[in-house]
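Here is the structure we will look at, set down as structure tokens.
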Amino acid sequence: MRIGLFGGLRLEHDGRALEVSGRMQLAVLFRLAVDAGTVVSYRAIAEDVWSDPPENARAALQSIVSRLRGQLPPGAIESATGGYRLAVARADVDVLAFTDLVAAAEEEAAGGDARAAAELAREALALWTGEPWAPPGDFDWFARDLVRDRARALELGGVAVPRGEHIRPARVPVTLTPLVGRERERATLVDQLAANRLVTLVGPGGAGKTRLAVEVACDRRDAVFVELAPAGPDELWQAILGALGRDIRGADAQQETAPTDLERVIGGLAGRDALLVLDNCEHLVDAAAAVVVELLGALPRLRVLTTSREPLGVPGEAFVPVGPLPEDDAERLFSERVRAARGAPLEADEAEAAERIRRRLDGLPLALELAAAKARTLAIEEIAAGLDDRFELLGGGLRTVRPRHQTLRALIDWSWELLSEGERHMLAAASIYPAGIAAADAPVVAAAHGGSRAELDALVDKSLLHRVAGRYRALETIREYGVEKLAASGGLPNARLTQARVLAEACRRHDAQLRGAGIRDALAWFDAEDDNVASALRFLRDRG
């Protein structure tokens with residue numbers, strides 16, 4: 001019996017076409033065909049043909065296979081311990097012949113015989129007569145792996161790739177827009193991955209960590225991308241298994257006893273110079289750290305790239321900070337997105353308002369994207385003026401992104417929910433200091449607000465504060481969020497009063513230094529604290 005899946009399902013036996021009917025019969029036939037000649041376990045079949053397997057999946061499979069056998073030549077499906085085998089040679093299933101030829105081409109290339117590799121790759125590509133067929137069900141891995149093998153065959157076979165078509169790893173998301181800027185961070189990331197087995201892209205929400213990780217992963221032939229945002233701490237292994245897809249199925253089919261999730265992942269990555277990308281680890285840092293340690297210890301050729309708003313805390317972890325865009329890149333990103341939104345570029349008389357938008361949104365890529373999306377219905381000046389209530393203004397516009405990236409408020413809510421009560425209190429307090437908090441004054445300021453310097457440092461680790469030039473600072477959007485939280489809780493007046501008292505005492509101390517040898521240090525302090533002092537004075541004036 002011969003089975004064709006490229007360009008649609010075709011079955012042939014002794015020169016005549018065969019027809020198979022029944023949705024479940026087709027699904028089981030397909031699952032056995034892609035591992036033809038191999039015993040596929042009951043468990044592996046059930047997981048793929050049912051999204052929610054029945055209570056007695058084995059009995060249900062027996063009934064389906066019985067009906068399927070009646071439509072196939074005698075002996076086509078064999079029963080074996082723990083599962084079923086389709087008694088067909090791999091060469092008689094076109095997609096398996098294709099993958100075997102690609103594998104053989106890779107072996108020739110590794111051995112230095114480029115000519116033989118190219119011939120085998122071209123022979124494989126000749127089998128690709130159309131998009132591969134698969135029945136409804138959990139078979140995404142099937143298409144992903146074939147696309148990856150086709151890309152490799154194109155590389156080895158020397159077949160020209162049409163202009164504008166990019167060969168990408170099958171398990172890395174395809175981006176919808178070009179990356180703007182980030183040349184320095186990208187180069188640093190490549191260098192860090194060459195020198196270290198674990199690298200974390202760390203930075204605030206909306207800075208573009210995921211996008212940068214995708215861009216670098218697309219340049220790696222064997223990259224696996226795992227989206228962890230929807231996963232809980234107990235679901236991390238399953239998320240990795242889902243991303244690995246087909247690579248772990250063959251191992252399952254060979255075992256009568258069910259392997260552990262760790263064994264299945266190791267089986268899917270063993271012997272490969274793979275890059276595993278774990279995206280959005282901040283809400284399950286402890287679990288992600290434990291998984292990374294397990295995998296790096298078991299797989300010496302594996303490298304791991306994670307994105308997170310705080311470090312994993314694993315020995316040997318290297319970092320690439322991702323923060324706001326430089327002004328030139330922020331200008332280019334905002335201008336391109338405005339043009340896409342309204343079909344017309346920014347005018348010269350809009351430049352000043354556009355600059356205010358970029359500055360007030362701290363050059364954060366996601367915030368700029370959300371603001372630019374408003375250009376479809378609002379003038380640029382209206383957007384700039386509306387930033388006084390930025391959380392209301394930037395309340396939507398990007399429906400296809402993750403829910404926490406659809407609004408500016410949701411972006412920060414995600415980080416806020418991951419904080420302890422003490423860290424939330426300290427972030428809110430730090431938000432009323434527009435000039436930030438001097439590191440030298442941090443213990444006194446934090447204690448006055450009922451917090452500690454350790455909590456300030458924890459907020460730096462979680463990318464909500466930044467330690468810059470000896471000061472703890474928050475981006476303007478974070479500060480406005482913190483002030484809003486204080487106001488909603490009714491704690492804003494007391495926090496402002498505490499700020500005024502702390503600054504009044506500090507001003508008294510430094511004023512005394514103006515008439516002595518410490519005059520330069522005192523003047524420098526007053527210059528650095530000017531915005532904080534002005535903020536406190538405005539509060540006292542309005543308070544009466």
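Condition check for Ser63 on (1) under 27 Å from Asp261 (Cβ atoms); (2) of a type in the set (Gly, Ala, Ser); (3) open to solvent by 40 Å² or more (accessible area, probe 1.4 Å): one failure, at (1). Looking only at region 147-182, residues that are closer than 25 Å to Leu241 by Cβ, modelled with pLDDT of 50 or more and either of a type in the set (A, V, I, L, M, F, W, C) or loosely packed, with under 11 Cβ neighbours inside 10 Å (or both) come to 4 in all.
Could you grab me the full set of residues in region 405-448 that are assigned to a helix (DSSP H, G or I) and aromatic (Phe, Trp, Tyr)?
Residues of region 405-448 assigned to a helix (DSSP H, G or I): 405, 408-417, 421-430, 442-448.
Of everything in region 405-448, those that are assigned to a helix (DSSP H, G or I) and aromatic (Phe, Trp, Tyr) turn out to be Trp414, Trp416.
Filtering region 343-379 to residues that are farther than 21 Å from Asp389 by Cα and either acidic (Asp, Glu) or touching a Ser or Thr at 6+ places or on another chain (Cβ under 9 Å) (or both) leaves Pro345, Leu346, Glu347, Asp349.
Could you list, in sequence order, all residues of region 99-113 that are open to solvent by 50 Å² or more (accessible area, probe 1.4 Å) and either in contact (Cβ under 8 Å) with a residue 12 or more places away in the chain or touching a Phe, Trp or Tyr at 6+ places or on another chain (Cβ under 9 Å) (or both)? Spell out the reasoning first.
First pass over region 99-113, keeping only residues open to solvent by 50 Å² or more (accessible area, probe 1.4 Å): 100, 106-108, 110-113.
Matches in region 99-113: Glu106, Glu108.
What tally of residues in region 1-39 results from selecting those that are among the β-branched types (Val, Ile, Thr) and loosely packed, with under 13 Cβ neighbours inside 10 Å? I'd like the intermediate steps shown before the answer.
Here is the first cut: in region 1-39, the ones among the β-branched types (Val, Ile, Thr) are 3, 20, 28, 34, 38-39.
Among the residues that remain, those that are also loosely packed, with under 13 Cβ neighbours inside 10 Å are: none.
Count: 0.
Looking only at region 300-326, residues that are crowded, with 18+ Cβ neighbours inside 10 Å and out of contact with any strand residue (DSSP E or B) (no Cβ under 8 Å at 6 or more places or on another chain) come to 2 in all.
The set of residues in region 191-233 being under 25 Å from Leu262 (Cα atoms) and either without any contact (Cβ under 8 Å) to a residue 40 or more places away in the chain or assigned to a loop (DSSP other than H, G, I, E, B) (or both) consists of Asn196, Arg197, Arg220, Arg221, Asp222, Leu228, Ala229, Pro230, Ala231, Gly232.
The values are calculated or read from the model by the stated rules, or taken from the named source; none is laboratory data. Owing to the predicted nature of the structure, the values given are computational and were not obtained by experimental measurement. Cβ atoms come from the backbone with ideal geometry, glycine included; neighbour counts cover every protein chain shown. The protein model used for the area step is the full one, side chains on, heavy atoms only, and it has no ligands, DNA or RNA in it. Shrake-Rupley method; radii C 1.70, N 1.55, O 1.52, S 1.80 Å.
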